[in-house]
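Inspection log for the structure reproduced underneath, given as structure tokens.
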Amino acid sequence: MKKFFYEVGSTTLFFTDSVRLMFAKPSRMPDMIRHMKFIGNDSVIIICLTGVFTGLAMSYQIYIGFNLVNATNLVGPTVALGIFKELAPVLTGLIVAARAGGAMAAQIGTMRVSEQIDALEVMGVNPIQYLSSPRVLAAVLTLPLLCGIFDIVAIQASELLCVNLLDLDKAIFWNKIELWIRPRDVMEGLIKAAVFGLTFATVCCKTGFYTKGGAKGVGDTTNKGVVYSMVLIIVLNLLVSNLIRLYFSLVESF
Amino acid sequence: MEMAVEIQDLKKSFDGGKSFVLNGIDLVIPADKITMLIGFSGTGKSVLMKHILGLMKPTSGNIKVFGKNLSQRSEQELIALRCQMGVLFQHAALFDDMSVIENVLFPLSEHRRDLSKARRLEIARHKLKVTGMDREHDQKLPAEISGGMQKRVGLARALALDPKILLYDEPTTGLDPILTEMVDNLILDTHKLHKGATSLVISHDLMAAFRLGDYIVMLDKGKVLLRGTKEEFLNTDNEFIRKFIDKGIRRS
Ligand SMILES: Nc1ncnc2c1ncn2[C@@H]1O[C@H](COP(=O)(O)OP(=O)(O)OP(=O)(O)O)[C@@H](O)[C@H]1O
Ligand SMILES: [Mg+2]
């Protein structure tokens with residue numbers, strides 16, 4: 001229990017440092033763009049693949065259910081809501097956390113055990129500003145983009161299935177989506193994706209940063225970073241959804 | 001004599017006071033001289049070095065570098081101070097995602113943005129030449145060059161900002177006798193070349209200590225056993241040091 005609070009505390013400190021130093025001199029823009037490419041560009045294919053199959057599977061399940069009550073017109077919006085608000089951000093977060101987060105923890109961990117982080121510090125470079133800040137910022141900026149790609153690909157796949165195989169009307173499919181989905185539903189998903197990016201980048205950089213002891217230490221760190229990130233993403237999902245909903249309802253009531 | 005580093009009653013414990021890795025170190029490191037720090041493996045030599053660099057905080061005690069306490073320096077001052085210290089780590093610690101030349105350029109592009117790119121490249125190239133690295137290796141990654149070369153690149157990187165204090169953590173451990181002699185000579189040459197520079201060399205090779213050091217410091221069980229010149233070491237009646245010397249002489 002004590003250890004849990006210690007972890008939370010030290011991660012929070014690490015996070016505030018990363019954010020505080022995000023725009024400190026000297027600028028880490030080129031590094032950040034490199035990380036964005038690694039987190040974003042290199043994940044596009046796997047995100048598209050997941051998007052297509054999630055869209056297909058979900059449409060089919062919902063079609064079967066709605067067919068029983070003759071409400072197949074609403075398959076479109078139901079699928080869209082589920083994907084935009086929940087599946088796209090969570091799956092994007094989980095996939096990228098495993099892919100890029102694991103790599104971050106392993107790389108920073110290796111730098112720690114081979115004294116490269118000490119070398120950075122000795123050269124008068126703040127290692128958090130150099131290693132963590134650009135990664136966290138890159139993840140925050142990139143995840144909403146990936147989530148958007150997931151949204152588009154999944155809904156296109158859903159349309160393909162519904163119109164071509166399940167004989168729904170294309171115009172009705174899109175019309176109902178337009179009718180039922182508000183921009184804020186899409187926004188909610190994108191904001192959540194950004195939060196998840198922040199979460200996994202911070203957690204993985206932090207565990208990597210405090211790695212102890214050789215190659216085994218790096219292995220443990222990578223494992224720990226990825227597992228913590230995934231659990232946190234799933235737990236935070238519920239929390240953040242409700243916070244966003246609360247925010248929107250407050251804004252609307254004024 | 002001017003002192004570059006003064007350490008008073010330095011203690012360090014990693015387990016909250018149960019055992020002490022450094023147990024009351026009192027030590028001065030004179031400016032402009034080569035000081036050799038010797039001792040068996042695990043006696044806390046690397047830990048002592050990290051304290052001088054401010055990478056580790058002492059459990060108790062004081063460390064003065066250039067006359068001012070490390071704990072009294074602000075973050076900014078500490079960074080400025082570190083730019084005057086060059087370190088060759090035990091395993092070179094080159095950045096493994098950067099090429100040889102980028103490694104040497106790194107401290108320059110961090111702290112000497114006032115210089116033009118071409119000038120920085122020129123300096124980096126010069127440092128590599130001084131440490132004996134050929135131009136053909138410039139674009140290779142650290143993983144693609146030998147251990148001895150990595151040490152040379154590490155030294156070139158340490159020299160990039162023309163430091164006033166040079167620290168070497170076991171520069172020759174794991175090298176063959178020829179390379180060992182080469183690195184030893186490199187340390188001597190570097191010391192002569194950088195006028196006014198203070199060198200601290202960690203080693204467990206006694207012969208090298210006698211050959212290179214103006215002063216020798218022997219560390220054992222977290223304490224300074226003896227600090228003195230080569231003659232003082234040869235004439236000591238301390239049982240432990242006699243054994244260490246005899247072993248060293250018999251081996252070579
Ligand atoms: N970060 C750390 N956390 C806990 N213990 C440490 C840490 N760094 C060093 N130690 C302990 O301090 C002791 C001295 O380590 P140090 O690396 O200074 O030895 P050394 O004299 O440099 O040995 P070697 O010649 O093998 O390099 C060791 O027992 C080590 O376990
Ligand atoms: Mg050591």
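The values are calculated or read from the model by the stated rules, or taken from the named source; none is laboratory data. All figures in this text were calculated on a predicted structure; none of them were measured in a lab. Using ideal geometry, Cβ is built from the backbone for each residue, glycine included, and neighbour counts are taken over all protein chains shown.
Given the criteria surrounded by fewer than 20 Cβ atoms within 10 Å (Cβ to Cβ) and in contact with a helix residue (DSSP H, G or I) (Cβ under 6 Å, 6 or more places away or on another chain), does B:R120 qualify?
Answer is yes for this residue.
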Can you name every one of the helices (runs of 4 or more DSSP H) wholly within the stretch A:79-184 that holds 1 or more residues which are away from every other protein chain (no Cβ under 14 Å)? A:88-96, A:102-113, A:133-160, A:170-180
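Just the residues that are among the β-branched types (V, I, T) and in contact (Cβ under 8 Å) with a residue 24 or more places away in the chain, please, taken from the stretch B:133-186.
Selection gives B:I145, B:V153, B:I165, B:T172, B:T173, B:T180, B:V183.
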Single match in B:I101, B:I63 (criterion: in a strand (DSSP E or B), buried (at least 20 other Cβ atoms within 10 Å of the Cβ), away from ligand 1 (no atom under 14 Å from the Cβ) and among the aliphatic types (A, V, I, L, M)): B:I63
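Looking at the stretch B:29-53, which of its residues are closer than 20 Å to B:L78 by Cα and more than 15 Å from ligand 1 (Cβ to nearest atom)?
Correct list: B:I29, B:A31.
From the list A:S133, A:S158, pick out the single residue that is crowded, with 17+ Cβ neighbours inside 10 Å and within 30 Å of A:D118 (Cβ to Cβ).
A:S133
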Subset tally (residues that are more than 9 Å from ligand 2 (Cβ to nearest atom), out of contact with any Lys or Arg (no Cβ under 8 Å at 6 or more places or on another chain) and part of a loop (DSSP other than H, G, I, E, B)) for the stretch B:32-55: 4
Selection within the stretch B:50-65 - at the interface with chain A (Cβ under 10 Å from one of its Cβ atoms) and of a type in the set (A, V, I, L, M): B:L53, B:L55, B:M56
Looking at the stretch B:196-230 only, could you name the residues that are within 16 Å of ligand 1 (Cβ to nearest atom) and either within 14 Å of chain A (Cβ to nearest Cβ) or surrounded by 22 or more Cβ atoms within 10 Å (Cβ to Cβ) (or both)? B:L200, B:V201, B:I202, B:S203, B:L206, B:A208, B:A209, B:I216, B:V217, B:M218, B:L219
So which residues in the stretch B:130-140 are surrounded by fewer than 21 Cβ atoms within 10 Å (Cβ to Cβ) and touching a helix residue (DSSP H, G or I) at 6+ places or on another chain (Cβ under 8 Å), if there are any at all? B:V130, B:G132, B:R135, B:H137, B:D138, B:Q139, B:K140
Is there a residue being more than 21 Å from the chain's Cα centre (by Cα) and surrounded by fewer than 12 Cβ atoms within 10 Å (Cβ to Cβ) anywhere in the stretch A:30-41? yes
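Table: residues versus (1) in a helix (DSSP H, G or I); (2) surrounded by 12 or more Cβ atoms within 10 Å (Cβ to Cβ).
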position: A:T12; (1), (2): yes, yes
position: A:S27; (1), (2): no, no
position: A:I45; (1), (2): yes, no
position: A:Y60; (1), (2): yes, yes
Residue check, B:K247 against (1) modelled with pLDDT of 80 or more; (2) more than 16 Å from ligand 2 (Cβ to nearest atom), all met but one. Which one? (1)
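When you look at A:A215, is it surrounded by 13 or more Cβ atoms within 10 Å (Cβ to Cβ), touching a residue at least 24 places away in the same chain (Cβ under 8 Å) and in contact with a helix residue (DSSP H, G or I) (Cβ under 9 Å, 6 or more places away or on another chain), yes or no? Break it down stepwise before answering.
On the way: surrounded by 13 or more Cβ atoms within 10 Å (Cβ to Cβ): no; touching a residue at least 24 places away in the same chain (Cβ under 8 Å): yes; in contact with a helix residue (DSSP H, G or I) (Cβ under 9 Å, 6 or more places away or on another chain): yes.
So A:A215 does not fit the description; no.
Quick one: in the stretch B:66-96, of everything that is assigned to a loop (DSSP other than H, G, I, E, B) and more than 8 Å from every other protein chain (Cβ to nearest Cβ), which residue is nearest to B:Q8 (Cα to Cα)? Steps first, answer last, please.
Keep residues of the stretch B:66-96 that are assigned to a loop (DSSP other than H, G, I, E, B), which gives B:66-67, B:73-74, B:83-84, B:89-96.
So of that shortlist, the ones also more than 8 Å from every other protein chain (Cβ to nearest Cβ) come out as B:66-67, B:73-74, B:84, B:92.
On the way: B:F66: 14, B:G67: 12, B:R73: 17, B:S74: 20, B:Q84: 22, B:A92: 29 Å.
Taking the candidates together, the pick is B:G67.
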Residue count, the stretch A:174-190 (criterion: in contact (Cβ under 8 Å) with a residue 60 or more places away in the chain and under 17 Å from the mean Cα position of the chain (by Cα)): 5
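Which one of these is buried (at least 20 other Cβ atoms within 10 Å of the Cβ) and touching a helix residue (DSSP H, G or I) at 6+ places or on another chain (Cβ under 9 Å): B:M36, B:M56?
Every option except B:M36 fails the conditions.
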Of the candidates B:L161, B:L193, B:L234, the one satisfying the condition of being of a type outside the set (S, T, Y) and touching a strand residue (DSSP E or B) at 6+ places or on another chain (Cβ under 8 Å) is B:L161
Looking only at residues in the stretch B:110-132 that are basic (K, R) and touching a residue at least 24 places away in the same chain (Cβ under 8 Å), which one is farthest from the other protein chains (Cβ to nearest Cβ)? B:R125
Tally of residues being away from ligand 1 (no atom under 12 Å from the Cβ) and out of contact with any strand residue (DSSP E or B) (no Cβ under 9 Å at 6 or more places or on another chain) across the stretch B:164-183: 8
Looking only at the stretch B:8-30, decide whether some residue is on the phi > 0 side of the Ramachandran plot, in contact (Cβ under 8 Å) with a residue 40 or more places away in the chain and within 16 Å of ligand 2 (Cβ to nearest atom). no
Restricting to the stretch B:68-85, name every residue that is touching a residue at least 24 places away in the same chain (Cβ under 8 Å) and surrounded by fewer than 22 Cβ atoms within 10 Å (Cβ to Cβ). B:L78, B:L81, B:C83, B:Q84
